[in-house]
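*Asks:* Let me give you the structure first, and then I'll get to my questions.
What follows draws every value from the coordinates through simple rules; no lab data is involved. Small disclaimer: the values here were computed from a predicted structure and weren't measured. A quick note on method: Cβ atoms are made from the backbone with ideal geometry, for glycine too, and the neighbour counts reach across all protein chains shown.
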Amino acid sequence: MNHFPAVFKGETIEIVVGTLGKAGSIHKVENGYIGLPKMNEPGMVAAIGESLHNPEGSVMSAGFFELKASEPLVYTYNEMKVVIRGESILTDQTTGEVMPAKERDVLFFPKGTTVKFEPPEYGLGFFTGHRSFPP
């Protein structure tokens, strides 16, 4: 995935999708969900893009993802998601427990979680991860 550096007042911030603006310490990305790059994971019909990648040296990253189909995915970092559009059935691959996720639900995936997402059609969500590497 390509990261595009944006420079504001001598500070370089990496963004993948969207248009970055800054006012003092406040960072803003517009249209961060448009033109998401395809996710490079076997069995995934998905797209993901970071709107902010480790701003100001933090270990936080955030962006949007689209999902149509998935194989089980192992989280190698802590992540939270908010379902914006659509719905999905989530299956914890360790316990077999199933949980529906719908619009406006907030989800937390601890590091080491293996989950399968099964959207009936399409889902759009926002994520934030505690990591210093791209998705």
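*Asks:* Only sites in a loop by DSSP and with at most 13 other Cβ atoms within 10 Å count here; which trypsin sites (Lys or Arg not before Pro) in region 97-135 make the cut?
*Replies:* Numbers: sites: Lys102, Arg104, Lys111, Lys116, Arg131; in loops: Arg104, Lys111, Arg131.
Answer in residue order: Arg104, Lys111.
*Asks:* Still on this structure, I have one more. Please say if region 21-76 is rounded, prolate or oblate, where rounded means a/c under 1.5 for a ≥ b ≥ c the square roots of the C-alpha gyration tensor eigenvalues, and otherwise the choice is prolate for a/b larger than b/c and oblate otherwise?
*Replies:* Numbers: a/c = 4.07, a/b = 1.89, b/c = 2.15.
Oblate, since a/c reaches 1.5 and b/c is not below a/b.
*Asks:* Related question: I need the phi-derived Karplus couplings for region 41-53: 6.51 cos²θ - 1.76 cosθ + 1.60, θ = phi - 60°, integer Hz, Gly and Pro marked x.
*Replies:* Taking θ as phi minus 60°, the curve returns 10, x, x, 9, 10, 7, 9, 8, x, 7, 8, 9, 10 Hz for region 41-53.
*Asks:* What are the ³J(HN,Hα) couplings of region 112-128, residue after residue, when phi is run through the Karplus curve with 6.51, -1.76, 1.60 and θ = phi - 60°? Round to Hz, x for glycine and proline.
*Replies:* x, 5, 10, 10, 10, 9, 10, x, x, 9, 7, x, 10, x, 10, 10, 9
*Asks:* Sequence-distant or interchain residues sharing an amide H contact under 5 Å with Gln93, placed H: which?
*Replies:* For Gln93, the qualifying residues are Thr114, Val115, Lys116.
*Asks:* Below 8 Å, C-alpha to C-alpha, sequence gap of six or more: please give me the relative contact order for the chain in percent.
*Replies:* RCO, the chain: 24 percent.
*Asks:* With θ taken as phi - 60° and the coefficients 6.51, -1.76 and 1.60, list the Karplus ³J(HN,Hα) couplings across region 62-72 in order, rounded to whole Hz; mark glycine and proline as x.
*Replies:* Using θ = phi - 60°, the values come out as 8, x, 10, 9, 10, 9, 10, 7, 8, 9, x Hz.
*Asks:* Using +1 at the C-beta of Lys and Arg and -1 at the C-beta of Asp and Glu, which of Gly32, Ala46, Gly112 has the Cα lying farthest in the positive direction of the dipole of the chain?
*Replies:* My answer, from the dipole projection, is Gly32.
*Asks:* Starting from the Kirkwood radius over alpha-carbon pairs of the chain, derive D by Stokes-Einstein at 25 °C in a medium of 0.890 mPa s and give it in µm² s⁻¹. It would help to have the intermediate numbers written out before the result.
*Replies:* Numbers: Rh = 15.4 Å.
For the chosen part, D equals 159 µm²/s.
*Asks:* I'd like the FRET efficiency for Val45 and Ala23, computed as 1/(1 + (r/R0)^6) with the beta carbon distance as r and R0 of 30 Å, rounded to 0.05. It would help to have the intermediate numbers written out before the result.
*Replies:* Working: r = 37 Å, r/R0 = 1.25.
In this case the efficiency is close to 0.20.
*Asks:* Count charges around Met44 for me, please; just the other residues with Cβ under 13 Å from its Cβ, Lys/Arg as +1, Asp/Glu as -1. Write down the numbers at each step before the final one.
*Replies:* On the way: positive: Lys38, Lys68, Lys116; negative: Glu41, Glu66, Glu71, Glu118.
Local net charge: -1.
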